[in-house]
Amino acid sequence: MSSTPRVKEILSWYSSDNPGTVRNLARMLNFGTLAGTGKLVILPVDQGFEHGPARSFAPNPHGYNPLYHAELALESGCNAYAAPLGFIEAVAKEYPDLPLILKLNNSDSLISEKDPAPAVTGAIEDALRLGAGAIGYTIYPGSSMRNEMYEKLQYLTQAAKEAGLVVVVWSYPRGSGITTKDGETAIDVVAYAAHIAAQLGAHMIKVKPPSTEIYQEAARKVYEKEKIPIATLEERVRHVVQATFDGRRIVIFSGGPAKSTEEIYAETRGIHAGGGFGSIIGRNSFQRPKVEALELLREIMDIYKK
């Protein structure tokens, strides 16, 4: 399908990229229920690697089968499906039309680490071999290992852009530099994490919905002096979008831990009102029975379509 004016506007922000990258980004923006709107809903299933199979899939045992997730992404009308190498290898041939994001680094939860440092578990060559249009990579600003992650991402980003792939960065503040759990979702920290991902060359950035907490005292002085509005989720999302080159990079927000259906819808409305580009919903969708998951994802998409 031809691109809408909104999609053309978004693609114009990536004028330094080669045509292959722009085409792959356009494919995601023009796929599924939200095609042409400039909004995205992506299904990520890296939780089996990150948290373990039982914690991830026992609530809905169909999830042990990688084909189930690809079918869920297609039937619900998601823009893309993201997963580690094994899950992508299991579905790439079976679902050639589904835009794929190959997650290139992962960590497990068998060892509790104060400063996370995920391993690189896939390659650019794997993404090309499997027909994926994008790579995914997690950074943990706040970890003492952050510079190593940034340097690995720089290498992978350069190679991905040369190969015509889109770069999607999960930017999750975590580690010894952030001493409280609330600090991981503080508005100043989330906006900073999103900005770091944009500066590292990400085309698309995934962050958690921010809270009203302000973690850094130096930042607090600025937020109070400049009267930056952060009272509502809409205002906080708008601030995070502003922090990513004044909205010239795609920012999507994670679903996070289990929430009620109404909480998810309310959060989605806040993201949409604040100018967020969409949601990446994993456990809150695939851990439900399929009928309920489809209903949830379609309602989220309806909110963004409005």
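Would you mind ranking HIS62, HIS195 by Cβ crowding within 10 Å, fewest neighbours first? Mind showing how you got there, number by number?
Values: HIS62 15, HIS195 19.
Ordered by Cβ neighbours within 10 Å, fewest first: HIS62, HIS195.
3J(HN,Hα) along the stretch 172-177, derived from phi through the Karplus expression 6.51 cos²θ - 1.76 cosθ + 1.60 where θ = phi - 60°, amounts to 10, x, 6, x, 5, x Hz, with x in place of Gly and Pro. The residues PHE245, PHE277, when put in order of fewest to most other Cβ atoms within 10 Å, stand as PHE245, PHE277.
Say we join alpha carbon atoms closer than 10 Å with springs in a Gaussian network model of the chain; which of GLY20, GLY278, GLY32 then has the biggest fluctuation? For the chain, modelled as a Gaussian network with Cα springs under 10 Å, the answer is GLY20. Classified by the C-alpha gyration tensor, the stretch 172-260 has a rounded form. Its axis ratio a/c, with a ≥ b ≥ c, is below 1.5.
GNM on the chain, alpha-carbon springs under 10 angstrom: the most fluctuating residue among PRO210, PRO289, PRO116 is PRO289.
Annotation: amide H of ILE205 within the under-5 Å range of VAL169, ILE250, VAL251, ILE252, sequence separation 5 or more or interchain, hydrogens built in the peptide plane.
Computed over the Cα atoms of the chain, what is the convex hull's projected area averaged over all directions, in nm²?
14.5
By the equivalent-ellipsoid construction on the alpha carbon gyration tensor, the stretch 1-123 comes out with semi-axes of 29, 18, 12 Å, ordered largest to smallest. Backbone amide hydrogens, once placed in the peptide plane, bring THR138 within less than 5 Å of ASN105, TRP170, excluding anything fewer than 5 places away on its chain. You can think of it this way: the chain between GLU226 and THR180 has 14.0 nm of extra reach, that is 0.36 nm per residue less the Cα-Cα gap. Listed from fewest to most Cβ neighbours within 10 Å, the set LEU43, LEU110 follows the order LEU110, LEU43. What the Cα atoms of the stretch 56-210 give is an Rg and a Dmax of 16.0, 44 Å.
I need the chymotrypsin sites (Phe, Trp or Tyr not before Pro) found in the stretch 137-189, filtered to DSSP loop residues with at most 13 other beta carbons within 10 Å of theirs.
For chymotrypsin sites (Phe, Trp or Tyr not before Pro) across the stretch 137-189 that sit outside H, G, I, E and B with at most 13 neighbouring Cβ atoms in 10 Å, the list is empty.
Per-residue ellipticity at 222 nm for the chain, helices alone: DSSP H runs ≥ 4 residues times -39500 (n - 2.57), over residue total, nearest 500 deg cm²/dmol? Provide the component values of the computation, followed by the final result.
Numbers: 14 runs with 137 residues, N = 306.
-13000 deg cm²/dmol, from helical runs alone.
GNM on the chain, alpha-carbon springs under 10 angstrom: the most fluctuating residue among ILE214, ILE205, ILE280 is ILE214. Ellipsoid semi-axes for the stretch 211-260, based on the Cα gyration tensor and the rule √(5λ), read 21, 16, 10 Å when sorted largest first. In the chain, excluding the sites themselves, the longest stretch lacking any of the GluC sites (Glu not before Pro) that are in a DSSP loop with at most 11 other Cβ atoms within 10 Å is 95-225.
Taken together, the values in this text are just the output of simple stated rules run on the coordinates, not laboratory data. Remember, predicted model here, so these are calculated numbers, not experimental data. All Cβ positions, glycine included, derive from the backbone under ideal geometry; neighbour counts span all protein chains shown.
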